[in-house]
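What follows is a single structure, written as structure tokens, with notes after it.
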Ligand code: CUA
């Protein structure tokens with residue numbers, strides 16, 4: 001009775017499994033965060049290790065499963081067996097046992113070779129990613145190389161410091177002076193030139209986070225009090241999606257980031273743009289009111305805006321170019337027109353194509369974001385839902401020292417509108 005039930009389940013399960021496996025073709029895996037669609041050498045090596053493991057496991061599965069099926073069929077109960085003399089049970093077979101142990105060790109060694117070489121490869125920019133003529137200087141043991149080292153690194157390897165915070169990423173380009181100390185850091189979305197090796201220095205200012213861009217590389221933890229590093233390279237121009245991959249508190253799931261891989265000339269332009277200040281706002285405009293509110297509503301305590309002398313905070317994301325970014329709130333809110341973006345992705349058959357920022361979407365996102373955190377009230381009179389639970393905006397928990405009470409910031413709809421208009425000028 002039971003065996004008949006299970007055999008029927010088995011009959012059903014086989015075609016279902018076949019359907020599921022049929023969905024696993026590589027072309028169908030073109031989603032934004034897919035490790036099965038590598039777009040750089042590091043991701044490729046990681047993908048290769050994964051596939052090596054998959055094939056080894058498939059062989060093992062076929063072997064073990066095959067033997068099992070063989071034994072089940074060959075030694076199945078037959079009519080009349082109940083009268084046959086009972087076979088005496090054996091006490092194991094040393095040859096089989098030693099053979100299995102040896103085969104298991106062999107399988108582990110086979111997997112260890114590509115795994116270890118990939119770990120070494122992913123650890124730091126390999127010599128192969130640096131032009132051969134520069135190799136002499138690359139090795140500090142060569143005479144005179146120490147002096148050249150910094151220069152060579154600067155010429156050949158782009159260094160980016162990645163700082164993890166609850167719940168967003170800060171990117172700094174020390175070679176270009178784009179650092180938080182210089183008030184020129186880049187939050188949430190960073191840019192790298194196509195085909196160039198990039199060393200990523202990973203730091204955390206609070207808890208453990210993890211840096212992961214499935215199509216480019218990943219993942220290495222950002223540990224408080226510890227310096228970790230890795231390297232990445234993007235070989236195809238496009239807009240890539242990253243994610244914090246280590247549980248780090250309330251809004252861990254909303255701690256995203258992006259990386260834009262661009263042509264080298266485009267990258268140089270982007271760097272220059274990061275060094276520019278914000279433009280003055282028109283007199284008598286909503287933006288002007290918003291700018292004043294930005295100062296009086298204590299946004300300035302945490303945020304920096306170059307070109308606005310009042311806004312010099314170093315704690316929260318730099319907003320000097322907030323309106324030119326395609327995402328907001330730790331890359332959780334998308335500032336592009338969703339329909340236009342989907343149409344483009346379908347047309348190009350990839351998720352790396354990107355439409356430009358849509359000002360209407362951006363404005364709506366700004367209002368939603370600034371108005372969240374239980375500060376503003378919705379049409380039903382209830383506090384609006386947090387865009388990111390636990391986020392620090394308006395909630396001055398970090399200043400809650402010496403018995404000070406937690407303070408909150410309140411905005412009217414008009415104030416939110418004016419603030420958004422001001423932030424929209426920060427291209
Ligand atoms: Cu940061 Cu999870």
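Please treat every number below as a calculation from the coordinates, not as lab data. None of the values given here were measured: they were computed from a predicted structure. Don't worry about glycine lacking a Cβ; one is built from the backbone with ideal geometry, like all the others, and counts go over all protein chains shown.
Can you give the FRET efficiency for residue 410 and residue 277, using 1/(1 + (r/R0)^6), R0 = 25 Å, r = Cβ-Cβ distance, to the nearest 0.05?
After rounding, the FRET efficiency stands at 0.25.
Multiply the residue gap between residue 119 and residue 181 by 0.36 nm, knock off their C-alpha separation, and tell me the result in nm, one decimal place.
Extending this stretch completely gives an extra 19.0 nm.
From largest to smallest, what semi-axes in whole angstrom does the stretch 135-274 give when each is the square root of 5 times an eigenvalue of its alpha carbon gyration tensor?
On the way: eigenvalues 132, 65, 42 Å².
The equivalent ellipsoid of the stretch 135-274 has semi-axes of 26, 18, 14 Å.
What percent do you get for the relative contact order of the stretch 135-274 when only Cα pairs under 8 Å and 6+ apart count?
That works out to 23 percent.
How much length is gained if the chain between residue 229 and residue 69 is pulled fully straight, taking 0.36 nm per residue apart and subtracting their Cα-Cα distance, in nm to one decimal?
52.8 nm
In bins 5 Å wide, starting from 0, what share of all Cα pairs of the stretch 321-374 does each bin hold, as a percent?
The percentages, shortest bin first, are 4, 20, 28, 21, 14, 8, 3, 1, 0.
Using alpha carbon centroids, what distance separates the stretch 222-254 and the stretch 67-127, in Å?
38 Å
Grab the eigenvalues of the alpha-carbon gyration tensor for the stretch 205-269, scale each by 5, take roots, and send me the semi-axes largest first in whole angstrom.
25, 13, 10
Say each of residue 108 and residue 48 gets a label point 7 Å from the Cα, pointing the same way as Cα to Cβ; how far apart are those two points in nm?
2.5 nm
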